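What follows is a set of notes on a single structure, which appears directly below.
The values are calculated or read from the model by the stated rules, or taken from the named source; none is laboratory data. Here the structure is a predicted model, which is why all the values come from computation and not from measurement. FYI the Cβ positions are ideal-geometry reconstructions off the backbone, even for glycines, and counts take in every protein chain you see.
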Amino acid sequence: MLRIQSLLGLPVLLQSGKKAGEVKDVWFDEFWSMAGIVLDTRVWQRKTFKCIRWRDIDACGEDALIIRDRQAIVKMDKSQMLRSFHGGVVRLKDMPVYTVHGQELGRISDVYFKESEGTPLIGYELTDGFLSDVLEGRRRLLLPEGPEQITLGEDAILVPASYERVLTREHARNAESDR
């Protein structure tokens, strides 16, 4: 299981070992599956981004992403990037998650996906705010029935009421356990 936050900042390397850029953002298609990554390169144009479609990434490791050659890097108009983690028209980070009965479960802090099974979202890491994260830890919402039961809207995510029961908490590490 991979996390989007762990991809951000990773170098993107050509198979020759030359650096092509770093991962700045991840963009999604209309079904909220990962479509590709946005590169943070030295040449930055206001109306276009340099992107790599997910299918053109040969390897996604813990420390780098590998692509075959520079032909995998395409320019994408800013208006085409409708859904992304950080900077699209609809931004997944910090989006609130509610049950269909109107109970807020938290806000998106990170997203989980499986590289080996394509790139549909399989879960969310939710935050209740900094203090709650430090004292209690963030909560995970792994999607037991897949993304089909989820409504990913422009302003909020709606999940079945039963999903409240499948939340798990990542407990914060306290100072004594780190010694």
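Of note:
- In the set (1) modelled with pLDDT of 70 or more; (2) within 30 Å of residue 61 (Cα to Cα); (3) out of contact with any Gly (no Cβ under 7 Å at 6 or more places or on another chain), the condition left unmet by residue 119 is number (1).
Yes/no matrix, rows are residues, columns are (1) at pLDDT 75 or above; (2) part of a loop (DSSP other than H, G, I, E, B); (3) under 19 Å from residue 2 (Cβ atoms):
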| position | (1), (2), (3) |
| --- | --- |
| 133 | no, no, no |
| 145 | no, yes, no |
| 148 | no, no, no |
| 155 | yes, yes, no |
| 162 | yes, no, no |
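- Residue check for residue 94: acidic (Asp, Glu), exposed (fewer than 12 other Cβ atoms within 10 Å of the Cβ) and farther than 14 Å from residue 12 by Cα: yes
- Boolean, residue 50 is assigned to a strand (DSSP E or B) and loosely packed, with under 12 Cβ neighbours inside 10 Å: no
- Scanning the range 1-22 for residues that are assigned to a strand (DSSP E or B) and either on the phi > 0 side of the Ramachandran plot or loosely packed, with under 11 Cβ neighbours inside 10 Å (or both) yields a count of 1.
- Residues of the range 56-80 that are surrounded by 12 or more Cβ atoms within 10 Å (Cβ to Cβ) and charged (D, E, K, R): 56, 58, 68, 69, 78.
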